[in-house]
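Quick notes on the structure that follows.
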Amino acid sequence: MSNRESKVGVRERDLLYKFMISQLFYDGHQNLAISLSTAAKVTDACPPSDRLLNMVSNVLKSEEDSPSSGGDVIHSGSGIDLDFETERTGSSVQTSQYETVYVTSHKGPCRAGAFSPDGQLVATGSVDASIKILDVERMIAKGCPGTDIQEASAQTDTHPVIRTLYDHMEEVSCVQFHPTELLLVSGSHDMTVKLYDYAKPSVKRALKSIQEAHIVRCLAFHPSGDYLLVGTQHPTLRLYDVNTAQCFVSAITSDQHTGPITQVNYSPNASLYVTSSKDGDIRLWDGVSNRCINIFPRAHDGYEISSVVFSRNAKYVLSSGKDSLVKLWELSMSRCLIAYTGAGASGKQTHRAQACFNHTEDYVLFPDEKSTSLCCWDSRNAERQQLLSLGHNNAVRQFCHSLTQPAFLTCSDDYRARFWYRRPDNIISILFTLSVLLIASNVECFPIYTDTLKKLLVPVIAYRSALKFLQYGRRLEASKKEFESLTGRRLGFDLDDGLGLGSVGDLF
């Protein structure tokens, strides 16, 4: 942040405090106003005024009137931004409503996992040195009977595991998909980094291998895919050119951690990357010069840092530590903005566990080691949500959420990886009923409900099915038959009988 931006921020904050003090005096809260004035060290006189209330009212009114406000729409690239919103406005569901739709097993503890950037594939890695790549659509089809995907693929090979890779000699500790190409990178306790071209159906071995000097603990692709950050048991962070395998490290030794690196991640725009370590520090790096530009020392009171990840807008970093706390760090002010508490009530964790956002960044998720349940908080106010039992018989060693849909992956020492998904339930039936009601009122429904489907973030399966039968909206009976053939569900009423509230309620 530049000096000019810093001065402007301080000046505006001082002005905000004065407005708050004046508003408190205006509302009759003299004691609160005096306390705030003392705490904020405001020496200027602040006469009673409701200017702050008027400004807030005007801003809220302009947001409501603005056609670009979007209502409940969660635009691509949007996410948590506490500068503009403090309450959740998205339509994503709590993770307590997710279900296991597929389970895959390894011959050893499963300790690595990742989603592809488009959310269509997942990869798992194990102590047995194997890697599996699974198709998300096939897993959903296996676990969600009655969908059009399952029916369409009934005559084809629909096994979710599309590749099994064997080229490591020891435990696979981390995996990640290439941002743009059909490539997968993995790191292992055998001190190698391997790159696989999984576009070839017969692939078993790596396309390229990089020999390291220490156990590989974490890695991250540059968003362009041309570079790869590698964190090892050694405190020095490595940057590799993916094409030439040439290694770069910072020449400034003080930039480096003093303990093994536990996590590394790029910001979406690649301007920054962040690292965490067993030394308890979080370090922020410039994505161009590869220099450390900021340090959060003892970020979790000296406990080992387990994970760090950027928010979608790169304004925040979400971290977790072995103190079982999850923290949201505001980069512009270099401070912890929110602490998410409540995990680890039955004892501090002994293994690293990853905290992350859900796909809309409305929730923060963190697996509790002792109870093998998933903790969930509202990302904006840290309000604790309902727990979800993860069903594993041992500690969850890897947790990651899809960037594109309501799905996450858990990998455990019980040798299993579970794929979790929020089923569409009766959303197609509900949308069909709403469209029929609009048709009965002579309202053009198709363009309206194309937008509605997007607002509700209906999964691809439901979205495709719904669009098919909505195109027949003007012919009610044809729509009913199309709906029943697409979904395999029979509607509990005849359209000729009218649409009373009772029959509509039956659909829900």
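Only the coordinates and a few stated rules stand behind these numbers; no lab work does. All of these numbers come straight from a predicted model, not from anything done at the bench. A quick note on method: Cβ atoms are made from the backbone with ideal geometry, for glycine too, and the neighbour counts reach across all protein chains shown.
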| said: How would region 12-57 be classified by its alpha-carbon gyration tensor: rounded, prolate or oblate, with rounded meaning a/c under 1.5 and the a/b versus b/c comparison settling the rest? | reply: oblate
| query | Based on Cβ point charges of +1 for Lys and Arg and -1 for Asp and Glu, what charge dipole magnitude is obtained for region 280-437 about its Cα centre, in debye rounded to the nearest 20? | reply | 160
| said: For region 26-63 and region 255-280, what is the centre-to-centre distance using only Cα atoms, to the nearest Å? | reply: 41
| Simple spin-label model, 7 Å along Cα-to-Cβ: ILE162 to ARG298 in nm? | 4.9
| Packing-wise, with mean Cβ within 10 Å as the measure, how do 211-219, 29-37 rank, highest first? | 211-219, 29-37
| query | For ALA245 and ARG291 in one chain, what is 0.36 nm times their gap in residues minus the Cα-Cα distance, to one decimal in nm? | reply | 14.5 nm
